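Novice: Shown below is the structure under consideration.
We did not get these values from a lab; they are worked out from the coordinates using the rules stated. This structure is a prediction, so every number in the text was calculated from the model and none was measured. Counting neighbours? That spans all protein chains shown, and the Cβs are built from the backbone with ideal geometry, glycine included.
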2 protein chains.
Amino acid sequence: MAVSTPAPLDSSKLETQFTQTERPLPDHNSPEQWSQSYQTDHMLTVSWDVTNGWETPKIGPYSNLSLPPTASIFHYATTCFEGMKVYRGYDGKARLFRPHLNAARMLRSAQRVCLPSFDPAELEVLLIKFAEVEAKKWVPESRPGTFFYLRPMMLGTQSTIGLQPAKEALLCIISVVFPNIDDTPVTKGPIDGSGETSKAFSPLKATTGTKEENSPGLKLFASASSHVRAWPGGSGAAKIGANYGPTLVPQQEARNAGFDQVLWLYGGSGFENNPLVTEAGGSNFFMVWKTPEGKTQLITATLELGIILPGITRQSILELSKDEFKDELEVVESDFGIEDIVLAHKENRLVEAFVAGTAYFVTPVKQITYQGNDLRVPLSEGTSGKYTKAIREYLMAVQYGQRESKWGVVLNEL
Amino acid sequence: MAVSTPAPLDSSKLETQFTQTERPLPDHNSPEQWSQSYQTDHMLTVSWDVTNGWETPKIGPYSNLSLPPTASIFHYATTCFEGMKVYRGYDGKARLFRPHLNAARMLRSAQRVCLPSFDPAELEVLLIKFAEVEAKKWVPESRPGTFFYLRPMMLGTQSTIGLQPAKEALLCIISVVFPNIDDTPVTKGPIDGSGETSKAFSPLKATTGTKEENSPGLKLFASASSHVRAWPGGSGAAKIGANYGPTLVPQQEARNAGFDQVLWLYGGSGFENNPLVTEAGGSNFFMVWKTPEGKTQLITATLELGIILPGITRQSILELSKDEFKDELEVVESDFGIEDIVLAHKENRLVEAFVAGTAYFVTPVKQITYQGNDLRVPLSEGTSGKYTKAIREYLMAVQYGQRESKWGVVLNEL
């Protein structure tokens, strides 16, 4: 008897069964859009087990998952996920943004919790094919400048109370509708950035003025040492469920105190007197400041300690800024601490700040509160800093087909 | 219209529907027992939502859970759980061990990930009532000295991609059969202690000799700084899924290198040169050693930094040891570091060591490997240390009805 090898993930085997009961497309700015729980018509699933490997990928009607209460995911947080958007361009085309980077990160996240491996190029194809099924209806050509949210996820599904590497798993891709944030007044939403919209903000429409006045930037609460998101030797660099549930308590405390997000500090060994600035909510954090030497610098935390998520928006901003702003900005990934921000504030060297991620996109920060002190961050353009605005415009132009870029992957829609 | 208050968890409303399709009781030492995934006939479920509060608790046939792919648990590790056992005594009675402590810890764990609150006394009653339904069949009187495993769990079930405190949740109690570890030869099982059996070990039968020779204690691999389980300001003191999935990688590395468990060190701020000894796998760690002053001391990590689980077996061992061994042992909860163990080993001051938890029970340690050095730990009684053996015997006598104790809660079986 031949020894069989577990089958690899194979996008070419994809089978599609269209739903017989289509759901209506919610209106612009409707409660359904704002619920973040109104799913599109379909889902993509691929089962895996340690003996047979990956089964046939299937797109079918969106439906509940039926799992035994003993399934690993319910007990041990054996889950990882990604967040992406499907954008409807002003040129009529639908696009994903650098999906191969999501596929590659999903693999790294899966490995961090012993979920099964796969060729990320195959996942990328599945992401594209699923988006192609849903795009025409869920971001119709009549709604350029809108998107829906794509959520790939993988769960450990084997039935056993013993903690162990995955023997069975489920890869799943689902989508939910999102409001068009450009059309919407300020709404106090959840503060994490793991999939929900931020405050409404529309730099592309900034010249019209009125909406902007409602969106004056985020207020961040710098975390106390009693709430630490991630640490060296932990899992903070992976997009896994375990990094999110435990952040709910400090996030609620911050919200209840009138803040939008937690600015996560890390005051561990070597950083006790000047805790590192790491992330904000579920987004990466960027600061533009004048250095003591007088340079204008765009700075964000390094990936070296493994305590921040290597964001795809983050990477893209670093890449585009080194090119677009090469005569104006020094662009650095570096450790920097909250006391550095306090000092720069005192010396009037803060230029602007923003958070960046798929969910929160690029959102200006107007205030950082640390140990009871409110540090105002300038918004030079009224509702945003100059660079924040330019970065937003650059990325949106790519996402909505107004700027030619290999970062925008055009879908061949069904 | 009257304003309604969300209903509290109310065990008096419990409804029971017995299964029509009973599963056979697996044989002693059968593959089903060893699988840790063979469930008993029933499960207890209670739904909760933020508006209505807790619904009617129901015991019904064990069955799959049907949840939307957008449910919080699948993405954000909004889950907590407990591990308990239902013991069949040599006196014919079935018992739980200090279930009010599990109920109280479950509440603390739930709060750590913003799952709903409840009166732990109500959960304790539900645990007892569920155990009373299952005990007669699943730990029959014909099998004294055996147990099955009880797993209370709570999941965030609301459908929304936005990270947020639970708006809907499910409390669930399930059970799986376990092998009688006294009957079984050494088996290399999973190394965590989150619900699986450890190596077979039977101090109550130690005088018979033969089985013990196969159970010469655990080999622990002291974690490198690249793998840190928990951190001050994190969630290490809660029994939540997020503390488990991320430990799979280092545990697999340890197993692949021939070790049984990871001995988790914490070398953060202030402890860089002598990393704290915290836990072993999913169990608490105890050391008996001679202090430099010549006292014989039983030591385990303090709860103060919030980086270890406050184990119920741990607490019980501390309490009983202060009484039983008051003339022999100094019993302390204190910070101690791996270098303290290295020095005590060098100076021949190590007496014995063991891990303790519901799943792993009380299991002797024979070796700790740190930075390439194998530190042997004495097993004065051949397969166990003297105190380890006495502690095991004490606890088993309580659990199996051979010692009168308020720690053993006798069930009124159906």
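Novice: Tell me, what is the percent relative contact order of chain B, built from C-alpha pairs under 8 Å that lie six or more residues apart?
Specialist: About 17 percent, as a whole number.
Novice: Where Rh denotes the Kirkwood radius from the mean inverse Cα pair distance, what is Rg over Rh for chain A?
Specialist: Radius of gyration relative to Kirkwood radius: 0.97.
Novice: To the nearest 10 degrees, how steeply does helix A:312-324 sit against the main Cα axis of chain A, on a 0 to 90 scale?
Specialist: Rounded to the nearest ten degrees, it is 50.
Novice: Further question on the same structure: Which of rounded, prolate or oblate describes segment B:317-400 when judged by the alpha-carbon gyration tensor and an a/c cut-off of 1.5?
Specialist: prolate
Novice: Could you pull out the pairs from A:LYS13/A:LYS136; B:LYS219/B:LYS406; B:LYS239/B:LYS295 whose alpha carbons sit more than 32 Å apart here?
Specialist: In this structure, B:LYS219/B:LYS406; B:LYS239/B:LYS295 lie more than 32 Å apart at Cα.
Novice: For A:PRO61, go 7 angstrom from Cα along the Cα-to-Cβ vector, then report the distances to that same point in the other copies in nm, smallest first.
Specialist: 2.4
Novice: Using the 10 angstrom Cβ neighbour count as an exposure proxy, how do A:ASP327, A:ASP374 rank, fewest first?
Specialist: Ordered from fewest to most neighbouring Cβ atoms within 10 Å, A:ASP327, A:ASP374 come out as A:ASP327, A:ASP374.
Novice: Any idea what the A:PRO24 label distances to the other copies are, label 7 Å down the Cα→Cβ vector, nm, shortest first?
Specialist: Label point to label point, same position, other copies: 5.5 nm.
Novice: Among B:LYS366, B:LYS13, B:LYS129, determine the one that fluctuates most according to a GNM of chain B built with springs between C-alpha atoms less than 10 Å apart.
Specialist: B:LYS13
Novice: Around B:PRO116, what is the net charge, scoring Lys/Arg as +1 and Asp/Glu as -1 over all other residues with Cβ under 12 Å from its Cβ?
Specialist: -3
Novice: Using helices alone, what [θ] at 222 nm do you get for the protein assembly as shown, with -39,500 (n - 2.57) per DSSP H run of 4 or more residues, divided over all residues and rounded to the nearest 500?
Specialist: -6500 deg cm²/dmol
Novice: In addition: Let me have the relative contact order for segment B:269-347, percent, based on Cα pairs under 8 Å that are six or more residues apart.
Specialist: Relative contact order of segment B:269-347: 37 percent.
Novice: Roughly how many Å is it from the Cα centre of segment A:15-82 to that of segment B:95-148, as a whole number?
Specialist: First find each Cα centre; the distance between them is then 33 Å.
Novice: Note down, for the protein assembly as shown, the three equivalent ellipsoid semi-axes (square root of 5 times each alpha carbon gyration tensor eigenvalue), biggest first, whole angstrom.
Specialist: After scaling each eigenvalue by five and taking roots: 48, 32, 24 Å.
Novice: Assuming R0 = 60 Å, what is the FRET efficiency of A:SER117 and B:ASN52, from their Cβ-Cβ distance, to the nearest 0.05?
Specialist: So the FRET efficiency works out to roughly 0.90.
Novice: Considering only Cα-Cα distances, which of the following residue pairs are longer than 21 Å: A:LYS93/A:LYS326; B:LYS366/B:LYS386; B:LYS290/B:LYS389; A:LYS366/A:LYS389; B:LYS290/B:LYS322?
Specialist: Table pairs above 21 Å Cα-Cα are A:LYS93/A:LYS326.
Novice: Lys and Arg at +1, Asp and Glu at -1: add these up for the other residues within a Cβ distance under 15 Å of B:LEU329 and post the number.
Specialist: Combined, the nearby Lys, Arg, Asp and Glu give -2.
Novice: Would you kindly work out, in nm and rounded to one decimal, the distances from the label point of B:ASP327 to those of the same position in each other copy, ordered shortest first, with label points 7 Å along Cα-to-Cβ?
Specialist: 9.0
Novice: Relative contact order for segment A:216-398 using alpha-carbon pairs under 8 Å, separation at least 6, rounded to a whole percent?
Specialist: With pairs under 8 Å counted, the relative contact order is 25 percent.
Novice: If you take every residue apart from B:LYS295 with its C-beta less than 11 Å away from the C-beta of B:LYS295, what net charge results, scoring Lys and Arg +1 and Asp and Glu -1?
Specialist: Net of charged neighbours comes to -1.
Novice: Also, I was wondering about something else. Which values, in whole Å and largest first, are the semi-axes of the equivalent ellipsoid of segment A:9-140 obtained as the square root of 5 times each eigenvalue of the Cα gyration tensor?
Specialist: Sorted largest first and rounded, they come to 26, 18, 16 Å.
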